[in-house]
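First the structure, in the form of structure tokens, and then the observations on it.
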Amino acid sequence: MNKIYLDNAATTFVRREVADKMLSYFTDCYGNASSVYSTGRDAKKAIEDARRQVAKALNCQAAEVFFTSGGTESDNWAIKGAALANADKGKHIISSTIEHHAVLHTLEFLQKQGYEVTYVKVDEFGMVDPEDVRSAIREDTVLITIMAANNEIGTIQPISEIGRIARERKVLFHTDAVQAIGAIPVDVEEMGVDLLSLSAHKFYGPKGVGALYVRKGVRLEPLMHGGAQERGRRAGTENVPGIIGLGAAIEIAALKQKENAARIAALRDDLQQSILENIPEVRLNGHPVNRLPNNLNISVKYIEGEALLLMLDLAGIAGSSGSACTSGSLDPSHVLLAIGLPHEIAHGSLRLTLSEDTTREEIDEVKRVLPQIVQRLREMSPLYEKENHHVH
Amino acid sequence: MYTDKVMDHFSNPRNIGSLENPSGVGEVGNARCGDIMKIYIKVENNIITDARFKTFGCGAAIATSSMATEMVKGKTLEEALNLTNKVVTEALGGLPNEKLHCSVLAEEAIHAAIADYREKQKSS
């Protein structure tokens, strides 16, 4: 059975040409980039090439790009680094209720260290109101951190507007753009951000490598202490193959962004329309328009998300859910609760995220299989029966 | 993360549905937590002759409902009351730790169905 992979918000395949470029940095050009001999110098040069590729994709200077181990490290570094470096100015941070756990749990850690955090609310579509951010700014606010696009429901935030407010009020602005790269245009000048996190494995690059954009002049304490790598701001021997992969992947992602977005969104819209028309009592989560082109998140009433994922898996389809059973906690996704879904509706959520390799045939197969699975699970559900559906 | 036995009972659940004129019905759990189990039993001469279920919940919840209904069939009420969640879990070849509460739910649903039957007996 051919597997249909629709969990690309979790991770993507590595592009063949990207993997090919990485290979020789494992076996041939394996030198430590800090060394003076030629294989080390070659590695160093390749890292600087990758840095320029990232800078070009983000519209910044190469000297403003720092390689990390991924999105989580970039978020941790941006937030803790900015909070620590600016503690003399204040200890107040502004964020939103729907951030990724890499941001939320970092903020919770800082709260235990005496920092104060204001979490602005989102509307029913998961959208932050920039005016709420403006009203939350205080004398002692040192950082605003709002994600560019949400990983669960795909809602794209008004980053440029928040950026203008942050600049006007002279507050540092970080955005977690992990889901945005390759999906929507990302330009640090346009967005008005001082710090931006990204992760290679979300845009057909390797896992375990990411980057943090740090605007020139922004004060940031390092998280990693040790050697002088990354101009003394992030110690540790560079993940050379990973960095080469990231550089190659982001260059292609930026080039193909527009074309990919249009094609993927068309397939996604077709799937969405079919589901909403053919399966009764399904709700679309996320913003109807300002949403990542590959994201489809729905809540299917009367059934539980993990059971739905298992049934889909048996049919060869991989997706994800915000149900408690898949999060390993008692509560369903904080994002779905933040947009106002009752617990039982949030438990029945399904997220399908397409890739640039997703085919029309695969989407047609999901359109065919999903209604049957939903019906089967609903017939097992005492909730469905209670709502006076005729089930025998 | 699930055993083959769990996946078997999840993908081919036994005893799905309801019973017409059940002797007892037990419903436990709540939608807020993401699982509700409803078990129907038919009792004749103190023996559970048939059992059915409807479950809103994860794979483990559906599999334990299937296994539990299968195991109580043919048992006396006393035997059925002694069917612990541990026995149901073992029959499934084990459950991940975070899913053990699903098996507790199955035990509770059976107890609730038997209590409902006994309540009805008293009033009739």
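Observations
- Some residue of region B:16-37 being open to solvent by 50 Å² or more (accessible area, probe 1.4 Å) and in contact (Cβ under 8 Å) with a residue 60 or more places away in the chain: yes
- Some residue of region B:52-70 being away from chain A (no Cβ under 14 Å), open to solvent by less than 20 Å² (accessible area, probe 1.4 Å), touching a residue at least 24 places away in the same chain (Cβ under 8 Å) and more than 21 Å from A:I303 (Cβ to Cβ): no
- Condition check for A:Q372 on (1) open to solvent by 20 Å² or more (accessible area, probe 1.4 Å); (2) at pLDDT 95 or above; (3) within 13 Å of chain B (Cβ to nearest Cβ): one failure, at (3).
- Index of the failed condition, A:Y302 passing every other in (1) under 18 Å from A:Q179 (Cβ atoms); (2) open to solvent by 10 Å² or more (accessible area, probe 1.4 Å); (3) of a type outside the set (A, V, I, L, M, F, W, C): (1)
- Answer residue from region B:73-100, given it is within 14 Å of another protein chain (Cβ to nearest Cβ) and touching a helix residue (DSSP H, G or I) at 6+ places or on another chain (Cβ under 9 Å) and is most open to solvent (accessible area, probe 1.4 Å) among those: B:E98
- All of (1) open to solvent by 30 Å² or more (accessible area, probe 1.4 Å); (2) part of a helix (DSSP H, G or I); (3) hydrophobic (A, V, I, L, M, F, W, C) hold for A:A261 with one exception: (1).
- Qualifying positions in region B:101-112 - of a type outside the set (D, E, K, R) and either surrounded by fewer than 24 Cβ atoms within 10 Å (Cβ to Cβ) or within 13 Å of chain A (Cβ to nearest Cβ) (or both): B:H101, B:C102, B:V104, B:L105, B:A109, B:H111, B:A112
- Of residues in region A:341-362 being surrounded by fewer than 24 Cβ atoms within 10 Å (Cβ to Cβ) and under 21 Å from the mean Cα position of the chain (by Cα), the one farthest from the other protein chains (Cβ to nearest Cβ): A:E356
- Among (1) over 24 Å from A:M224 (Cα atoms); (2) open to solvent by 30 Å² or more (accessible area, probe 1.4 Å); (3) under 20 Å from the mean Cα position of the chain (by Cα), the one test that A:R16 misses: (3)
- Looking across A:T72, A:T106, A:T39, A:T68, one residue alone is of a type in the set (S, T, Y) and over 28 Å from A:Y25 (Cα atoms). It is A:T106.
- Considering region A:319-340, and only residues there that are surrounded by 24 or more Cβ atoms within 10 Å (Cβ to Cβ) and of a type in the set (A, V, I, L, M), the residue that is nearest to the other protein chains (Cβ to nearest Cβ) turns out to be A:A324.
Conditions (1) under 27 Å from B:N15 (Cβ atoms); (2) in contact with a helix residue (DSSP H, G or I) (Cβ under 7 Å, 6 or more places away or on another chain); (3) of a type in the set (F, W, Y); (4) not in a helix (DSSP H, G or I), marked per residue:
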| position | (1), (2), (3), (4) |
| --- | --- |
| A:I275 | no, yes, no, no |
| A:P280 | yes, no, no, yes |
| A:A346 | no, yes, no, no |
| A:V369 | yes, no, no, no |
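- Search result, residues across region B:31-59 that are over 12 Å from the mean Cα position of the chain (by Cα) and small (G, A, S): B:A31, B:G34, B:G57, B:G59
- Looking only at region A:222-247, residues that are of a type in the set (K, R), surrounded by fewer than 20 Cβ atoms within 10 Å (Cβ to Cβ) and assigned to a loop (DSSP other than H, G, I, E, B) come to 1 in all.
- Residue satisfying condition, being touching a residue at least 60 places away in the same chain (Cβ under 8 Å), under 21 Å from A:S95 (Cα atoms) and surrounded by 24 or more Cβ atoms within 10 Å (Cβ to Cβ), within set A:V193, A:V218, A:V178, A:V209: A:V178
- Only residues that are charged (D, E, K, R) and closer than 12 Å to A:I303 by Cβ were counted in region A:362-381, giving 3.
- Scanning region A:129-156 for residues that are buried (at least 24 other Cβ atoms within 10 Å of the Cβ) and either part of a strand (DSSP E or B) or free of Cβ contacts under 8 Å to residues at least 40 places away in the same chain (or both) gives A:V133, A:L143, A:I144, A:T145, A:A149, A:T155.
- Test: A:D42 is in contact with a strand residue (DSSP E or B) (Cβ under 6 Å, 6 or more places away or on another chain) and open to solvent by 20 Å² or more (accessible area, probe 1.4 Å): no
- So A:A180, is it closer than 27 Å to A:E259 by Cα and out of contact with any helix residue (DSSP H, G or I) (no Cβ under 8 Å at 6 or more places or on another chain): yes
The values are calculated or read from the model by the stated rules, or taken from the named source; none is laboratory data. Please read all numbers here as calculations on a predicted model, not as lab measurements. Methodologically, a virtual Cβ is constructed for each residue, glycine included, from the backbone with ideal geometry; neighbour enumeration extends over all protein chains shown. Side chains are part of the model used for accessible areas, which takes the heavy atoms of the whole protein and leaves out ligands, DNA and RNA. Shrake-Rupley method; radii C 1.70, N 1.55, O 1.52, S 1.80 Å.
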